[in-house]
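One structure is given here, and the rest of the page talks about it.
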Amino acid sequence: MTLSPISLSSSYTTTISQPHHCSLFNTTTSTTATSLNLKFCSLKPEPFAFTSLRHRSHHNHPFRRTHFNAISSALSNNGTAPKSFDYDLLIIGAGVGGHGAALHAVEKGLKTAVVEGDVVGGTCVNRGCVPSKALLAVSGRMRELRNDHHLKSLGIQVSNAGYDRQAVADHANNLASKIRGNLTNSMKALGVDILTGFGTILGPQKVKIGSSNNIVTAKDIIIATGSVPFVPKGIEVDGKTVITSDHALKLETVPDWIAIVGSGYIGLEFSDVYTALGSEVTFVEALDQLMPGFDPEISKLAQRVLINPRNIDYHTGVFASKITPARVGKPVLIELIDAKTKEQKDTLEVDAALIATGRAPFTQGLGLENIDVTTQRGFVPVDERMRVIDANGSLVPHLYCIGDANGKMMLAHAASAQGISVVEQVTGRDHVLNHLSIPAACFTHPEISMVGLTEPQAREKGEKEGFDVSVAKTSFKANTKALAENEGEGLAKLIYRPDNGEILGVHIFGLHAADLIHEASNAIALGTRIQDIKFAVHAHPTLSEVLDELFKSAKVKAQASDQVKEPVAV
């Protein structure tokens, strides 16, 4: 079964999909050119890979000692490469995925290098999840300071709150610079070589760096080149009045009225930013509902809280067939056509337009033709172990692809996890990443987070495989910490199998939802069943008790696993 992900945009039937859930630009990578290849990025069921847990004594801290020895060895000479290769591992792309793979490779004693044609940190750090969180931090503060009713309920009085646009933009830019420096320094400190230039694969285990004749060899190669914003045909981007997320993060202007094409994660987060800073927003969405791909119940509640009360209107079931930038004395023109009939529907005149129709893999110019690899709508085909597949369906030896470039799950942390999984494989331990255990979040106010299947996906799976699906819910209004903050608007939803307690999916809308989801994602990753996790203890009063109540409310027929038979000395 192919599980449909949450589309980043769905304003076009052929837009790039955001992985099943994602925060704004949680993508991997570095790029300098634009690719128009695209794909609905399906989240495929992946085999589970569990690591057995061993009971360790705290005496002498054996784990810490082993970890330290591995790092020390890497620091001393960056591993020992085979004589026939320059490196054990060469990573093309120094985004979050490449960085995660490089650090794990050094820990494993591999002589490692990364190739970067742009700047370290890739999309996430420089043009995505990092600077966007800086803007969203500002939008969150502005909402708090301008919500008189909420402040008065807490006994707080605040005069009119304002903001300095350039200072806000500087905050986002400075954060990106700081994180970029941290990533660069962490690799240099561990002895990872950073090779500057665009990497082109010349043949098996051979890569050319830049336009010179600098050729390096490596026993294993990872492609981690990420993605770029996707702009559909008929849309003219001028970088000023018609912009992509790359431009929007610079916050050069705050338009009075901005149209956002696509109501997925990118569009939703930017609507939070722009409305908090005073803009009026109009969504243009191809599907019949906003926020397509989210669990429908969560989407309905989120629309009631994030869309309806704010200065936002929307057009659903329409395409933006043509967008013309503003000219002297003329506004941005957006021509809308019916998504089904393609008939002309309307023309919008706005101050600016943000194209949030997803992302396209950046794989052009990699030299894939030299190893007989054909991309599928721009994505590099891989198997469940991230091994690259050639045009004949055979595995390309010693070549892997992670992150946005393979399209499995377009999230920065998914790319990093894939990279770590690859390193495990090349160092002798078979490992398959369970993508259904990877969480994602949308950093609106309040936040949305999720892991696993939506309710419709779970019920479809149950029908095909012959098992029942149950749902449990709990409200933030029942949580002491949320009420203390006067933030009781929220819902947590658990989708599970009542016969054996398997967690199929968890979806949260509410205060700090992005932080709360990890208990559920870790439970899925480790194969923990509901009947066992019910015994976990949560500090009181904390928001984590939302999950505690959620798991305790589930009705599971199976009994809990055997508990520890001997008491633990404390």
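The values are calculated or read from the model by the stated rules, or taken from the named source; none is laboratory data. Note that this is a predicted model, so its numbers are computed, not measured. Cβ placement follows ideal geometry from the backbone for every residue including glycine, while neighbour counts extend to all protein chains displayed. Only protein heavy atoms, including side chains, enter the accessible area calculation; ligands, DNA and RNA are left aside. Shrake-Rupley method; radii C 1.70, N 1.55, O 1.52, S 1.80 Å.
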Selection from segment 294-310 of residues that are open to solvent by 30 Å² or more (accessible area, probe 1.4 Å) and not in a helix (DSSP H, G or I)
ASN308, PRO309, ARG310
Members of segment 428-469 found to be assigned to a strand (DSSP E or B) and not aliphatic (A, V, I, L, M), listed by number
CYS442, GLU447, SER449, GLY452
Within the set of pairs 6+ apart or on separate chains, which have a first residue in segment 508-525 that is within 13 Å of LEU494 (Cα to Cα) and modelled with pLDDT of 95 or more, a second that is of a type outside the set (D, E, K, R) and open to solvent by 50 Å² or more (accessible area, probe 1.4 Å), and C-beta atoms under 8 Å apart?
none
Residues of segment 314-334 being touching a strand residue (DSSP E or B) at 6+ places or on another chain (Cβ under 6 Å), free of Cβ contacts under 8 Å to residues at least 60 places away in the same chain and open to solvent by 60 Å² or more (accessible area, probe 1.4 Å), which ones?
TYR314, LEU333
Which is among the acidic types (Asp, Glu), at pLDDT 95 or above and in a loop (DSSP other than H, G, I, E, B), of ASP272, ASP288, ASP238?
ASP238
Hey, does segment 145-164 have a residue that's modelled with pLDDT of 95 or more and either part of a helix (DSSP H, G or I) or of a type in the set (A, V, I, L, M, F, W, C) (or both)?
no
Filter segment 543-562 down to the residues that are open to solvent by 40 Å² or more (accessible area, probe 1.4 Å) and among the hydroxyl-bearing types (Ser, Thr, Tyr), then identify the one that is farthest from LEU494 (Cα to Cα).
SER561
Please work out which residue is nearest to ILE243 (Cα to Cα), limiting yourself to segment 270-293 and to residues that are among the charged types (D, E, K, R) and surrounded by fewer than 21 Cβ atoms within 10 Å (Cβ to Cβ).
GLU280
From the residues in segment 391-413 that are open to solvent by 30 Å² or more (accessible area, probe 1.4 Å) and not polar (S, T, N, Q), which one is nearest to LEU89 (Cα to Cα)?
HIS398
Does segment 132-170 hold any residues that are out of contact with any Lys or Arg (no Cβ under 7 Å at 6 or more places or on another chain), small (Gly, Ala, Ser) and touching a residue at least 40 places away in the same chain (Cβ under 8 Å), and which are they?
SER132, ALA134, SER139, GLY140, SER153
Does VAL125 fit the bill of being open to solvent by less than 40 Å² (accessible area, probe 1.4 Å), β-branched (Val, Ile, Thr), outside any loop (DSSP other than H, G, I, E, B) and at pLDDT below 90?
yes
Of residues in segment 174-206 being over 19 Å from ALA102 (Cβ atoms) and in contact with a helix residue (DSSP H, G or I) (Cβ under 7 Å, 6 or more places away or on another chain), the one surrounded by the most Cβ atoms within 10 Å (Cβ to Cβ)
ALA176
Output yes when any residue across segment 343-350 is touching a helix residue (DSSP H, G or I) at 6+ places or on another chain (Cβ under 7 Å) and assigned to a strand (DSSP E or B), and no when none is.
no
Across segment 375-390, what is the total count of residues that are open to solvent by less than 10 Å² (accessible area, probe 1.4 Å), more than 13 Å from ILE222 (Cα to Cα) and part of a loop (DSSP other than H, G, I, E, B)?
1
Quickly run through segment 221-231 and pick out the residues that are open to solvent by less than 10 Å² (accessible area, probe 1.4 Å) and of a type outside the set (A, V, I, L, M).
THR225, GLY226, SER227
Conditions first: (1) β-branched (Val, Ile, Thr); (2) closer than 24 Å to THR375 by Cα; (3) open to solvent by 10 Å² or more (accessible area, probe 1.4 Å). ILE209 passes all but one, so which condition is the exception?
(3)
